[in-house]
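Below is one structure; the comments refer to it alone.
The values are calculated or read from the model by the stated rules, or taken from the named source; none is laboratory data. Since this is a predicted model, take the numbers as computed values, not measurements. Cβ coordinates were reconstructed from backbone atoms using ideal geometry, including for glycine residues, and neighbour counts include every protein chain displayed. To get the accessible areas, we keep the full protein, side chains included, count just its heavy atoms, and leave off ligands, DNA and RNA. Shrake-Rupley method; radii C 1.70, N 1.55, O 1.52, S 1.80 Å.
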Amino acid sequence: MWVYEKKLQYPVRVSRCDPHMAKLLMEQYGGADGELAAALRYMNQRYTIPDKIIGLLNDIATEEFSHLEMIATMIYKLTKDATIEQLEKAGLDAHYVNHDKALFYSNAAGVPFTATYIQAKGDPIADLYEDIAAEEKARATYQWLIDLTDDVDLQDSLKFLREREIVHSLRFREAVEILKDDRETKKIF
């Protein structure tokens, strides 16, 4: 199903070691509105969505996995040269005790990822509205992350991700309208 290109969807650069920003970025790595939750949500929902929308869910889920890879790269680059003292000052001491500098699916508060973040109602329109909300929440989070850093290199990658969330939201909105039109079409058997 996938062909993996050994490059990121968009370049990730950071100007300096910043464990505090890395901690904040974990929200998009393993948080309720993060990239992992979105990718898994869309992959799961594709089994109960009408055929004409399956490709959209596949495409966006795949892109969300690439966003997850970008966030992981950001976190890694922001922490790879950090000292234990810097990690502790950033509030990552508990993470360090459990995982050293390894990535772990948790949110910015250190709460581990849970499948309860993934919604699937089985009603295509309800699921698509959930997806629109997820994309809008991710967009807002990216904006707030942009606001919290003065690293222009990091801001560049975050702005790319924010814009992709907007595109995904628009695509899901289009899918809702397609399904609404289908629902209102007279069916003769």
- Task: Being open to solvent by 60 Å² or more (accessible area, probe 1.4 Å) and not acidic (Asp, Glu) is the filter; apply it to the stretch 112-125 and report the residue that is farthest from ARG41 (Cα to Cα).
- Result: PRO112
- Task: Could you check, for the stretch 83-96, whether at least one of its residues is at pLDDT 95 or above, among the aliphatic types (A, V, I, L, M), within 22 Å of HIS168 (Cα to Cα) and part of a helix (DSSP H, G or I)?
- Result: no
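Can TYR96 be described as in contact with a Phe, Trp or Tyr (Cβ under 9 Å, 6 or more places away or on another chain) and either among the hydroxyl-bearing types (Ser, Thr, Tyr) or open to solvent by 80 Å² or more (accessible area, probe 1.4 Å) (or both)? Quick ask: steps written out before the conclusion?
Details: in contact with a Phe, Trp or Tyr (Cβ under 9 Å, 6 or more places away or on another chain): no; either among the hydroxyl-bearing types (Ser, Thr, Tyr) or open to solvent by 80 Å² or more (accessible area, probe 1.4 Å) (or both): yes.
Taking the combined requirement at face value, the residue does not satisfy it.
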- If a residue has to be more than 19 Å from the chain's Cα centre (by Cα), open to solvent by 80 Å² or more (accessible area, probe 1.4 Å) and under 21 Å from ALA37 (Cβ atoms) to count, how many in the stretch 99-111 make the cut? 0
- Task: Assess whether GLU63 counts as being acidic (Asp, Glu) and crowded, with 16+ Cβ neighbours inside 10 Å.
- Result: yes
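Take the stretch 1-55 and flag every residue that is outside any helix (DSSP H, G or I), of a type in the set (D, E, K, R) and within 18 Å of ALA138 (Cβ to Cβ). Show your work before the answer.
Within the stretch 1-55, the first condition is being outside any helix (DSSP H, G or I), and the residues that meet it are 1-18, 31-34, 49-50.
Checking which are of a type in the set (D, E, K, R) leaves us with 5-7, 13, 16, 18, 33.
Result: ASP33, single match.
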- Query: Take the residues of the stretch 126-152 that are closer than 21 Å to ASN44 by Cβ and of a type in the set (D, E, K, R): which is nearest to the chain's Cα centre (by Cα)?
  - Reply: GLU135
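Could you tell me whether the stretch 135-145 includes any residue that is open to solvent by 60 Å² or more (accessible area, probe 1.4 Å), under 28 Å from TRP2 (Cβ atoms) and not hydroxyl-bearing (Ser, Thr, Tyr)? Steps first, please.
Of the residues in the stretch 135-145, the ones open to solvent by 60 Å² or more (accessible area, probe 1.4 Å) are 137, 139, 144.
Among the residues that remain, those that are also under 28 Å from TRP2 (Cβ atoms) are: 137, 139.
Filter once more, keeping what is not hydroxyl-bearing (Ser, Thr, Tyr): 137, 139.
For the stretch 135-145, residues open to solvent by 60 Å² or more (accessible area, probe 1.4 Å), under 28 Å from TRP2 (Cβ atoms) and not hydroxyl-bearing (Ser, Thr, Tyr): present.
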- Query: Just one of ILE54, ILE49 is β-branched (Val, Ile, Thr), over 19 Å from LEU145 (Cβ atoms) and surrounded by fewer than 20 Cβ atoms within 10 Å (Cβ to Cβ); which is it?
  - Reply: ILE54
- Query: Does the stretch 69-85 contain any residue that is open to solvent by 30 Å² or more (accessible area, probe 1.4 Å), over 28 Å from VAL167 (Cα atoms), over 15 Å from the mean Cα position of the chain (by Cα) and among the acidic types (Asp, Glu)?
  - Reply: yes
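Would you mind stating whether ARG171 is within 18 Å of ASN58 (Cβ to Cβ) and open to solvent by 40 Å² or more (accessible area, probe 1.4 Å)? Reasoning before the result, please.
Numbers: within 18 Å of ASN58 (Cβ to Cβ): yes; open to solvent by 40 Å² or more (accessible area, probe 1.4 Å): yes.
Against the criterion (within 18 Å of ASN58 (Cβ to Cβ) and open to solvent by 40 Å² or more (accessible area, probe 1.4 Å)), ARG171 qualifies.
Tell me whether the stretch 159-168 contains one or more residues that are farther than 30 Å from CYS17 by Cα and either open to solvent by less than 10 Å² (accessible area, probe 1.4 Å) or not charged (D, E, K, R) (or both). Before you say what the answer is, go through the steps one by one.
Step one: list which residues in the stretch 159-168 are farther than 30 Å from CYS17 by Cα, which gives 167-168.
Next cut, either open to solvent by less than 10 Å² (accessible area, probe 1.4 Å) or not charged (D, E, K, R) (or both) only: 167-168.
Scanning the stretch 159-168 turns up at least one residue that is farther than 30 Å from CYS17 by Cα and either open to solvent by less than 10 Å² (accessible area, probe 1.4 Å) or not charged (D, E, K, R) (or both).
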- Message: For the stretch 105-150, which positions are more than 25 Å from GLU174 (Cβ to Cβ), of a type in the set (A, V, I, L, M, F, W, C) and not in a loop (DSSP other than H, G, I, E, B)?
- Response: ALA115, TRP144, LEU145, ILE146
